[in-house]
1. State all residues of segment 284-301 that are closer than 14 Å to residue 73 by Cβ and either without any contact (Cβ under 8 Å) to a residue 40 or more places away in the chain or under 14 Å from the mean Cα position of the chain (by Cα) (or both); if no residue qualifies, say none.
2. Test residue 71 against the stated conditions and say whether it is touching a helix residue (DSSP H, G or I) at 6+ places or on another chain (Cβ under 9 Å), modelled with pLDDT of 90 or more and either within 30 Å of residue 167 (Cα to Cα) or loosely packed, with under 14 Cβ neighbours inside 10 Å (or both).
3. When you go through (1) more than 14 Å from the chain's Cα centre (by Cα); (2) in a helix (DSSP H, G or I); (3) surrounded by 15 or more Cβ atoms within 10 Å (Cβ to Cβ) one by one for residue 111, which number turns out not to apply?
4. Find the residue count for segment 192-217, including only residues that are out of contact with any helix residue (DSSP H, G or I) (no Cβ under 9 Å at 6 or more places or on another chain) and within 20 Å of residue 233 (Cβ to Cβ).
5. Give the number of residues within segment 72-82 that are part of a helix (DSSP H, G or I) and touching a strand residue (DSSP E or B) at 6+ places or on another chain (Cβ under 7 Å).
6. Output yes when any residue across segment 115-124 is surrounded by 17 or more Cβ atoms within 10 Å (Cβ to Cβ), within 15 Å of the chain's Cα centre (by Cα) and modelled with pLDDT under 90, and no when none is.
7. Within segment 137-147, is even one residue at pLDDT 85 or above and either surrounded by fewer than 14 Cβ atoms within 10 Å (Cβ to Cβ) or over 30 Å from residue 78 (Cα atoms) (or both)?
8. Counting only residues that are in contact with a helix residue (DSSP H, G or I) (Cβ under 8 Å, 6 or more places away or on another chain) and in a loop (DSSP other than H, G, I, E, B), which one in segment 148-178 is surrounded by the fewest Cβ atoms within 10 Å (Cβ to Cβ)?
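The values are calculated or read from the model by the stated rules, or taken from the named source; none is laboratory data. Keep in mind it's a predicted model, so treat the numbers as computed, not measured. No Cβ is skipped: glycine too gets one built from the backbone with ideal geometry, and neighbour counts run over all protein chains shown.
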(Lines give C-alpha, C1' and ligand atoms only; values in the text may rest on other atoms or scores of the structure.)
Protein backbone atom coordinates (compact mmCIF):
# COMPACT_ATOMS: atom_id res chain seq x y z
CA UNK A 1 0.00 0.00 0.00
CA UNK A 2 2.82 2.40 0.87
CA UNK A 3 4.59 1.83 -2.44
CA UNK A 4 1.37 2.35 -4.38
CA UNK A 5 0.73 5.62 -2.55
CA UNK A 6 4.17 7.15 -2.28
CA UNK A 7 6.39 5.25 -4.70
CA UNK A 8 8.35 3.70 -1.84
CA UNK A 9 7.88 0.76 0.55
CA UNK A 10 9.03 2.53 3.75
CA UNK A 11 7.63 5.60 5.51
CA UNK A 12 9.02 9.05 4.82
CA UNK A 13 11.84 10.28 7.05
CA UNK A 14 10.31 12.25 9.88
CA UNK A 15 11.23 14.17 13.02
CA UNK A 16 10.55 12.16 16.16
CA UNK A 17 12.74 13.54 19.00
CA UNK A 18 10.60 15.51 21.48
CA UNK A 19 13.01 18.44 21.66
CA UNK A 20 13.71 18.63 17.92
CA UNK A 21 12.92 22.15 16.64
CA UNK A 22 10.23 22.35 13.97
CA UNK A 23 10.86 26.06 13.44
CA UNK A 24 12.46 29.06 15.17
CA UNK A 25 10.18 31.68 16.74
CA UNK A 26 13.27 33.76 17.47
CA UNK A 27 17.01 33.15 17.70
CA UNK A 28 16.60 31.73 21.19
CA UNK A 29 13.06 30.31 21.02
CA UNK A 30 12.55 27.13 18.99
CA UNK A 31 9.07 25.67 18.53
CA UNK A 32 9.67 21.98 19.17
CA UNK A 33 7.88 18.74 18.52
CA UNK A 34 6.98 18.66 22.22
CA UNK A 35 5.37 22.10 21.88
CA UNK A 36 3.39 20.87 18.89
CA UNK A 37 1.83 17.84 20.54
CA UNK A 38 1.20 19.68 23.83
CA UNK A 39 -1.08 22.06 21.95
CA UNK A 40 -0.83 25.42 20.22
CA UNK A 41 -3.44 28.17 19.95
CA UNK A 42 -3.38 31.21 17.67
CA UNK A 43 -5.25 34.39 18.64
CA UNK A 44 -6.14 37.29 16.40
CA UNK A 45 -8.98 39.30 14.95
CA UNK A 46 -10.50 38.89 11.50
CA UNK A 47 -7.91 39.58 8.83
CA UNK A 48 -4.99 39.55 11.27
CA UNK A 49 -3.15 36.75 9.46
CA UNK A 50 -3.94 33.74 11.65
CA UNK A 51 -4.20 31.47 8.61
CA UNK A 52 -1.84 33.15 6.16
CA UNK A 53 0.85 33.86 8.75
CA UNK A 54 1.03 31.69 11.86
CA UNK A 55 -1.14 28.87 10.54
CA UNK A 56 0.83 28.57 7.31
CA UNK A 57 4.14 28.54 9.18
CA UNK A 58 2.99 25.76 11.51
CA UNK A 59 1.54 23.69 8.66
CA UNK A 60 4.71 23.92 6.57
CA UNK A 61 6.84 22.98 9.59
CA UNK A 62 4.80 19.80 10.02
CA UNK A 63 5.10 18.92 6.35
CA UNK A 64 8.85 19.61 6.22
CA UNK A 65 9.29 17.31 9.22
CA UNK A 66 7.67 14.42 7.31
CA UNK A 67 4.45 14.32 9.28
CA UNK A 68 1.24 12.72 8.12
CA UNK A 69 -2.11 13.83 9.46
CA UNK A 70 -5.77 14.61 9.02
CA UNK A 71 -7.04 17.97 7.74
CA UNK A 72 -10.76 18.76 8.07
CA UNK A 73 -11.85 21.63 5.84
CA UNK A 74 -14.24 24.22 7.30
CA UNK A 75 -14.08 26.48 4.23
CA UNK A 76 -14.16 25.64 0.49
CA UNK A 77 -10.75 27.31 0.00
CA UNK A 78 -8.83 25.16 2.47
CA UNK A 79 -8.18 22.27 0.09
CA UNK A 80 -6.26 24.56 -2.30
CA UNK A 81 -4.38 25.96 0.66
CA UNK A 82 -3.09 22.53 1.68
CA UNK A 83 -2.32 21.58 -1.89
CA UNK A 84 -0.11 24.65 -2.04
CA UNK A 85 1.58 23.81 1.27
CA UNK A 86 2.33 20.29 0.00
CA UNK A 87 3.73 21.64 -3.26
CA UNK A 88 5.96 24.13 -1.40
CA UNK A 89 7.36 21.42 0.87
CA UNK A 90 7.73 18.62 -1.68
CA UNK A 91 4.89 16.55 -0.21
CA UNK A 92 2.39 16.40 -3.09
CA UNK A 93 2.87 12.64 -3.46
CA UNK A 94 1.78 12.21 0.16
CA UNK A 95 -1.48 14.12 -0.35
CA UNK A 96 -4.79 12.23 -0.38
CA UNK A 97 -7.95 14.28 -0.95
CA UNK A 98 -11.42 13.00 -0.07
CA UNK A 99 -14.07 15.23 -1.63
CA UNK A 100 -17.11 13.03 -2.23
CA UNK A 101 -16.62 13.13 -6.00
CA UNK A 102 -13.34 11.31 -6.60
CA UNK A 103 -12.71 7.57 -6.23
CA UNK A 104 -11.77 7.63 -2.53
CA UNK A 105 -13.97 5.33 -0.43
CA UNK A 106 -14.17 4.53 3.29
CA UNK A 107 -16.74 1.97 4.46
CA UNK A 108 -16.40 2.89 8.12
CA UNK A 109 -18.73 0.17 9.45
CA UNK A 110 -16.82 -2.59 7.67
CA UNK A 111 -13.53 -0.99 8.75
CA UNK A 112 -14.54 -1.00 12.41
CA UNK A 113 -15.74 -4.61 12.31
CA UNK A 114 -12.68 -5.88 10.44
CA UNK A 115 -9.89 -3.90 12.11
CA UNK A 116 -7.35 -5.76 14.22
CA UNK A 117 -6.58 -5.32 17.89
CA UNK A 118 -8.58 -5.36 21.10
CA UNK A 119 -12.31 -4.88 20.56
CA UNK A 120 -12.23 -5.74 16.87
CA UNK A 121 -15.42 -7.38 15.65
CA UNK A 122 -17.28 -6.22 18.77
CA UNK A 123 -20.68 -5.06 17.59
CA UNK A 124 -21.14 -3.01 20.76
CA UNK A 125 -18.19 -0.86 19.69
CA UNK A 126 -19.72 -0.45 16.24
CA UNK A 127 -23.06 0.62 17.71
CA UNK A 128 -21.32 3.17 19.95
CA UNK A 129 -19.36 4.46 16.97
CA UNK A 130 -22.48 4.81 14.86
CA UNK A 131 -24.47 6.50 17.63
CA UNK A 132 -21.66 8.96 18.32
CA UNK A 133 -21.45 9.90 14.65
CA UNK A 134 -25.21 10.25 14.28
CA UNK A 135 -25.49 12.36 17.44
CA UNK A 136 -22.70 14.67 16.26
CA UNK A 137 -24.62 15.37 13.06
CA UNK A 138 -27.77 16.53 14.86
CA UNK A 139 -28.05 20.34 14.79
CA UNK A 140 -27.91 21.95 18.22
CA UNK A 141 -29.04 19.16 20.52
CA UNK A 142 -26.18 16.70 20.08
CA UNK A 143 -28.77 13.95 20.45
CA UNK A 144 -30.28 11.50 18.03
CA UNK A 145 -33.72 12.67 16.98
CA UNK A 146 -36.24 12.23 19.76
CA UNK A 147 -35.50 15.28 21.86
CA UNK A 148 -35.05 14.88 25.61
CA UNK A 149 -36.82 11.51 25.73
CA UNK A 150 -34.06 8.86 25.90
CA UNK A 151 -36.46 6.08 24.91
CA UNK A 152 -36.06 6.58 21.16
CA UNK A 153 -32.27 6.79 21.28
CA UNK A 154 -32.12 3.67 23.46
CA UNK A 155 -34.58 1.86 21.21
CA UNK A 156 -32.54 2.72 18.13
CA UNK A 157 -29.34 1.62 19.86
CA UNK A 158 -30.99 -1.73 20.64
CA UNK A 159 -32.19 -2.13 17.06
CA UNK A 160 -28.74 -1.31 15.68
CA UNK A 161 -27.08 -3.79 18.02
CA UNK A 162 -29.29 -6.72 17.03
CA UNK A 163 -29.25 -5.83 13.33
CA UNK A 164 -25.45 -5.60 13.22
CA UNK A 165 -25.08 -8.87 15.16
CA UNK A 166 -27.34 -10.70 12.72
CA UNK A 167 -25.80 -9.20 9.57
CA UNK A 168 -22.21 -9.75 10.67
CA UNK A 169 -22.93 -13.36 11.60
CA UNK A 170 -24.84 -14.12 8.41
CA UNK A 171 -22.82 -12.31 5.73
CA UNK A 172 -19.56 -11.10 7.26
CA UNK A 173 -20.31 -7.53 6.26
CA UNK A 174 -22.65 -4.74 7.36
CA UNK A 175 -24.17 -1.78 5.54
CA UNK A 176 -26.60 0.91 6.61
CA UNK A 177 -28.98 -0.15 3.85
CA UNK A 178 -29.01 -3.72 5.19
CA UNK A 179 -29.64 -2.44 8.73
CA UNK A 180 -32.63 -0.51 7.43
CA UNK A 181 -33.87 -3.58 5.53
CA UNK A 182 -33.72 -5.63 8.73
CA UNK A 183 -36.04 -3.14 10.41
CA UNK A 184 -38.40 -2.75 7.46
CA UNK A 185 -38.87 -6.49 6.83
CA UNK A 186 -39.05 -7.70 10.45
CA UNK A 187 -42.09 -9.85 11.35
CA UNK A 188 -45.30 -8.36 12.66
CA UNK A 189 -46.52 -11.03 15.06
CA UNK A 190 -46.69 -14.84 15.06
CA UNK A 191 -49.11 -15.06 12.15
CA UNK A 192 -46.59 -13.54 9.78
CA UNK A 193 -43.80 -15.72 11.14
CA UNK A 194 -45.81 -18.80 10.13
CA UNK A 195 -46.46 -17.48 6.61
CA UNK A 196 -44.15 -19.32 4.19
CA UNK A 197 -44.49 -16.67 1.48
CA UNK A 198 -43.48 -13.95 3.93
CA UNK A 199 -40.50 -16.00 5.12
CA UNK A 200 -39.17 -16.33 1.59
CA UNK A 201 -39.48 -12.59 0.90
CA UNK A 202 -38.35 -11.18 4.25
CA UNK A 203 -34.73 -10.03 4.30
CA UNK A 204 -34.85 -10.09 8.11
CA UNK A 205 -36.00 -13.71 8.27
CA UNK A 206 -33.54 -14.89 5.61
CA UNK A 207 -30.69 -13.14 7.42
CA UNK A 208 -31.54 -14.82 10.73
CA UNK A 209 -31.90 -18.16 8.95
CA UNK A 210 -28.46 -17.83 7.38
CA UNK A 211 -26.94 -16.65 10.67
CA UNK A 212 -28.22 -19.88 12.24
CA UNK A 213 -27.66 -22.39 9.43
CA UNK A 214 -24.71 -21.09 7.38
CA UNK A 215 -23.03 -18.27 9.31
CA UNK A 216 -19.85 -16.53 8.20
CA UNK A 217 -19.18 -15.56 11.82
CA UNK A 218 -21.11 -18.01 14.06
CA UNK A 219 -22.85 -16.74 17.18
CA UNK A 220 -23.04 -18.91 20.28
CA UNK A 221 -26.48 -20.29 21.03
CA UNK A 222 -27.39 -17.85 23.87
CA UNK A 223 -26.43 -14.85 21.73
CA UNK A 224 -28.46 -16.10 18.79
CA UNK A 225 -31.48 -16.60 21.05
CA UNK A 226 -31.22 -13.01 22.28
CA UNK A 227 -30.84 -11.62 18.75
CA UNK A 228 -33.60 -13.70 17.19
CA UNK A 229 -35.83 -13.08 20.21
CA UNK A 230 -35.54 -9.35 19.69
CA UNK A 231 -36.73 -9.55 16.08
CA UNK A 232 -39.37 -12.15 16.85
CA UNK A 233 -40.82 -10.65 20.04
CA UNK A 234 -39.42 -7.33 21.31
CA UNK A 235 -39.51 -5.55 17.96
CA UNK A 236 -41.80 -7.95 16.13
CA UNK A 237 -44.62 -7.61 18.66
CA UNK A 238 -44.21 -3.89 19.37
CA UNK A 239 -47.31 -1.82 18.62
CA UNK A 240 -47.38 -0.18 15.21
CA UNK A 241 -46.86 3.34 16.53
CA UNK A 242 -43.77 2.45 18.58
CA UNK A 243 -42.33 0.38 15.78
CA UNK A 244 -42.90 3.01 13.09
CA UNK A 245 -41.40 5.72 15.32
CA UNK A 246 -38.23 3.67 15.85
CA UNK A 247 -37.86 3.02 12.12
CA UNK A 248 -38.63 6.67 11.29
CA UNK A 249 -36.02 7.85 13.78
CA UNK A 250 -33.46 5.49 12.25
CA UNK A 251 -34.31 6.50 8.67
CA UNK A 252 -34.25 10.23 9.38
CA UNK A 253 -30.94 9.98 11.21
CA UNK A 254 -28.98 7.93 8.68
CA UNK A 255 -30.66 9.46 5.62
CA UNK A 256 -27.60 11.52 4.50
CA UNK A 257 -25.57 8.31 4.25
CA UNK A 258 -28.14 6.35 2.26
CA UNK A 259 -27.93 8.22 -1.04
CA UNK A 260 -25.76 10.25 -3.36
CA UNK A 261 -22.14 11.16 -2.75
CA UNK A 262 -22.00 10.19 0.92
CA UNK A 263 -23.41 6.74 0.18
CA UNK A 264 -20.67 6.16 -2.41
CA UNK A 265 -18.04 7.48 -0.02
CA UNK A 266 -19.04 5.65 3.16
CA UNK A 267 -21.25 2.70 2.22
CA UNK A 268 -19.53 0.89 -0.66
CA UNK A 269 -15.86 -0.15 -0.62
CA UNK A 270 -12.66 1.04 1.10
CA UNK A 271 -9.41 2.34 -0.38
CA UNK A 272 -8.43 4.92 2.24
CA UNK A 273 -8.11 4.33 5.99
CA UNK A 274 -6.91 6.50 8.91
CA UNK A 275 -3.77 4.39 9.42
CA UNK A 276 -2.35 5.75 6.14
CA UNK A 277 -1.52 8.96 8.02
CA UNK A 278 0.78 6.94 10.31
CA UNK A 279 2.97 6.33 7.27
CA UNK A 280 3.10 9.95 6.12
CA UNK A 281 -0.16 10.41 4.21
CA UNK A 282 -1.78 13.84 4.45
CA UNK A 283 -5.49 13.12 4.40
CA UNK A 284 -7.50 16.22 3.44
CA UNK A 285 -11.27 15.82 3.88
CA UNK A 286 -12.68 18.46 1.53
CA UNK A 287 -16.31 18.30 2.65
CA UNK A 288 -16.66 21.79 4.07
CA UNK A 289 -19.61 22.69 6.27
CA UNK A 290 -20.35 25.73 4.09
CA UNK A 291 -20.87 23.49 1.06
CA UNK A 292 -22.14 20.24 2.60
CA UNK A 293 -23.97 21.52 5.72
CA UNK A 294 -25.01 18.72 8.16
CA UNK A 295 -23.84 16.00 5.77
CA UNK A 296 -20.39 17.59 5.89
CA UNK A 297 -20.43 17.59 9.69
CA UNK A 298 -21.32 13.91 9.72
CA UNK A 299 -18.67 13.01 7.13
CA UNK A 300 -15.90 14.91 8.88
CA UNK A 301 -16.85 13.46 12.25
CA UNK A 302 -16.54 9.94 10.83
CA UNK A 303 -12.96 10.61 9.76
CA UNK A 304 -12.07 12.57 12.91
CA UNK A 305 -13.38 10.01 15.39
CA UNK A 306 -11.89 6.97 13.65
CA UNK A 307 -8.58 8.74 13.04
CA UNK A 308 -8.32 9.53 16.76
CA UNK A 309 -8.88 5.84 17.55
CA UNK A 310 -6.55 4.44 14.88
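1. Residues of segment 284-301 that are closer than 14 Å to residue 73 by Cβ, as a first pass: 284-293, 295-297, 299-301.
Across segment 284-301, the qualifying residues are 285, 287, 293, 295, 296, 297, 299, 300, 301.
2. Values: touching a helix residue (DSSP H, G or I) at 6+ places or on another chain (Cβ under 9 Å): yes; modelled with pLDDT of 90 or more: yes; either within 30 Å of residue 167 (Cα to Cα) or loosely packed, with under 14 Cβ neighbours inside 10 Å (or both): no.
Against the criterion (touching a helix residue (DSSP H, G or I) at 6+ places or on another chain (Cβ under 9 Å), modelled with pLDDT of 90 or more and either within 30 Å of residue 167 (Cα to Cα) or loosely packed, with under 14 Cβ neighbours inside 10 Å (or both)), residue 71 does not qualify.
3. Result: residue 111 fails condition (1) only.
4. Step one: filter segment 192-217 for residues out of contact with any helix residue (DSSP H, G or I) (no Cβ under 9 Å at 6 or more places or on another chain), giving 194-197, 201, 213.
Now drop any that are not within 20 Å of residue 233 (Cβ to Cβ), which leaves 194-195.
Final tally of qualifying residues: 2.
5. Total meeting the criteria: 2.
6. So the first thing to find is which residues in segment 115-124 are surrounded by 17 or more Cβ atoms within 10 Å (Cβ to Cβ), and the list is 115, 123.
Then drop every residue that is not within 15 Å of the chain's Cα centre (by Cα), which leaves 115, 123.
Applying the additional criterion that residues be modelled with pLDDT under 90 yields 115, 123.
For segment 115-124, residues surrounded by 17 or more Cβ atoms within 10 Å (Cβ to Cβ), within 15 Å of the chain's Cα centre (by Cα) and modelled with pLDDT under 90: present.
7. The first filter runs over segment 137-147 and keeps only residues at pLDDT 85 or above, leaving none.
There is no residue in segment 137-147 that is at pLDDT 85 or above and either surrounded by fewer than 14 Cβ atoms within 10 Å (Cβ to Cβ) or over 30 Å from residue 78 (Cα atoms) (or both).
8. Of everything passing the filter in segment 148-178, 173 is surrounded by the fewest Cβ atoms within 10 Å (Cβ to Cβ).
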